[in-house]
Amino acid sequence: MFHIAKDEEIKSGKVTDIYFARTVQILKAKGRNPRARAEIILKGFPLGWQWGIFAGLDEALHLLEGLPIDVEAMEEGTWFNTMQPVMAIEGDYLDYAIYETALLGILCQASGVATKTARCKKAAGGKGIISFGARRMHPAIAPMIDRSAFIGGCDAVSVIASAEAIGETPMGTMPHALILMMGDVTSAAKAFHEVIDPKVHRVVLVDTFCDEKAESLKVAESLDKDLYGVRLDTPSSRRGDIYKILQEVRWELDYRGYQHVKLFVSGGIDEGDILKLRDMVDSFGVGTSISNAPVLDLGMDIVEIDGHPAAKRGKMSGRKRVWRCPSCRQTIVLPFHSDPSQCSCGQEFQTLLKPMLKNGRLLVDLPSPRQIRDLVLAELYFLT
């Protein structure tokens, strides 16, 4: 068996920290079940990050749907800063108490992956990014990782099940195993070209046996115009100056008339590498840095009990609204009963927390992953 929680275990609230189960037991025994409002807020970003991408909303709503509670949230793909509620839950506390663990787990990891991907995509400056990280995570969560990576800005994902889940076509090149099995890179390239659907780009791995420049020229001479690109996955122990290697490969291909051949790079790539290499590279395969992205440490805190503001130390009590200017993107948080004045740029502020569930009933049609991705990419222009 796989060591994973079943859907019904998550949905029933069994995946919870024991102290929530004990809290429910105590409150029931004492006849206490006040109406409470809880907000999910980030106190601080990891690694000096300045913004996050809100992700995981679809699973969060699936978790809470059917409970007698109301939920407001930012739309999935919205960027946010610290101290800005991304979601609010209101209802009788015992109706949602045991779901806090699973809810935060969904939002924290999905938002972390989406944010890291968005950072990589911004660093790429318009160049392609493909999610290659499934082999670094438990296979049960590969579709979640890849979905979050896609909405964060990846152009494609490599895992078949993940691509099916988001309604996209999986994308990849070839493994070293194919070249080893075929005996050399030219034989592998020819076999790929003969067998695989012509609609699939012919991108050949060129670092298995020989120098990357030499193998690139071999496959270019073999496939000629049918060669779409070459991928360098050179291990770090043999890599040296990868920028210089890419320069050499590009020069030799161009000099011989193969200007159409694109350059792909993978293997331990992070946003810093992308920034350094993007003027030489057409597309990046990014694995571990996305799939193992730092989670965003969102917390869920009660801010109101039976209509009265209440919060633990270090938290701001009372219900709030988050307002953003659609023009300059200035964002402010105000008490629920306060409306903002006009933005300094002259535009009217818009509220970011939208009703999502009313007494457990879904109020909105959730957008597709591609629609969410389009939202993220449009907003990257405003983020630094």
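No lab work stands behind these numbers, since they all come straight from the coordinates. The model shown is predicted, which means the values in this text are computed figures rather than measured ones. Methodologically, a virtual Cβ is constructed for each residue, glycine included, from the backbone with ideal geometry; neighbour enumeration extends over all protein chains shown.
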| Degrees between helix 212-223 axis and first principal axis of the chain (Cα, 0 to 90, nearest 10) | 80
| query | Looking at region 188-228, which chymotrypsin sites (Phe, Trp or Tyr not before Pro) are in a loop (DSSP not H, G, I, E or B) and have at most 14 other Cβ atoms within 10 Å? | reply | Phe209
| task | Using the number of other C-beta atoms within 10 angstrom as an exposure proxy, rank Ser162, Ser317, Ser216 with the fewest first. | result | Ser317, Ser162, Ser216
| Positive-end residue, region 78-209 charge dipole about Cα centroid, Cβ charges, pick of Ile130, Tyr93, Ala114 | Ile130
| field | Selection of chymotrypsin sites (Phe, Trp or Tyr not before Pro), region 244-338, meeting DSSP coil and at most 10 other Cβ within 10 Å | value | none
| remark: In order over region 46-61: 3J(HN,Hα) from phi, Karplus 6.51/-1.76/1.60, θ = phi - 60°, whole Hz, x for each Gly or Pro, gives x, 6, x, 4, 10, 7, x, 10, 6, 9, x, 4, 4, 5, 4, 5
| Shape of region 95-214 from its Cα gyration tensor (a ≥ b ≥ c, root eigenvalues): rounded if a/c is under 1.5, otherwise prolate when a/b > b/c, or oblate? | prolate
| query | So which residue, out of Glu65, Glu164, Glu39, gets the largest mean-square fluctuation from a GNM of the chain using Cα contacts under 10 Å as springs? | reply | Glu164
| request: Whole Å is fine, so just give me how far the alpha carbon centre of region 247-307 lies from that of region 115-154. | output: 8
| field | Listed candidates [x] 41, 22, 18; [y] 47, 23, 16; [z] 36, 23, 20 - label of the one calculated as semi-axes √(5λ) of the Cα gyration tensor in Å | value | [y]
| query | What's the angle, to the nearest 10 degrees (0 to 90), between helix 185-195's Cα axis and the longest principal axis of the chain? | reply | 70
| note | Reduced to Cα centres, the span from region 187-244 to region 28-94 in Å works out to 47
| Those lysines that a straight Cα-Cα span of less than 24 Å connects to Lys14, excepting residues fewer than 8 apart in one chain | Lys6, Lys28, Lys30, Lys358
| Charges only on Cβ, +1 for Lys and Arg, -1 for Asp and Glu: so what's the dipole of the chain about the Cα centre, in debye to the nearest 20? | 960
| field | Net dipole in debye of region 172-266 [+1 Lys, Arg Cβ; -1 Asp, Glu Cβ; about Cα centre; nearest 20] | value | 180
| query | With the chain treated as a Gaussian network of Cα nodes joined by springs under 10 Å, which of Asn81, Asn33, Asn292 yields the largest mean-square fluctuation? | reply | Asn33
| task | Would you mind working out the magnitude of the charge dipole of region 25-123 relative to its Cα centre, with +1 at each Lys and Arg C-beta and -1 at each Asp and Glu C-beta, to the nearest 20 Debye? | result | 520
| query | Is region 10-116 best put as rounded, prolate or oblate by its Cα gyration tensor, with a ≥ b ≥ c the root eigenvalues, rounded for a/c under 1.5, and otherwise prolate when a/b is larger than b/c, oblate when not? | reply | prolate
| query | In square nanometres, what is the average projected area of the Cα convex hull of region 172-266? | reply | 5.5
| request: Determine, for Arg329, Arg373, Arg202, Arg238, the number of other Cβ atoms within 10 Å of each Cβ, and report the residues in order from fewest to most. | output: Arg238, Arg329, Arg202, Arg373
| said: Taking the 0 to 90 degree range and rounding to the nearest ten, how far is the long axis of helix 242-255 tilted relative to the main principal axis of the chain, both from C-alpha atoms? | reply: 50
| field | Cβ-based exposure ranking for Lys11, Lys354, in which fewest neighbours within 10 Å come first | value | Lys354, Lys11
| said: Can you show me the helix-derived [θ] at 222 nm for the chain, built from DSSP H runs with n ≥ 4 at -39,500 (n - 2.57) apiece and divided by the number of residues, rounded to the nearest 500. | reply: -10500 deg cm²/dmol
| When each of Lys43/Lys121; Lys127/Lys354; Lys121/Lys262; Lys122/Lys320 is checked by Cα-Cα distance, pairs over 29 Å | Lys127/Lys354; Lys122/Lys320
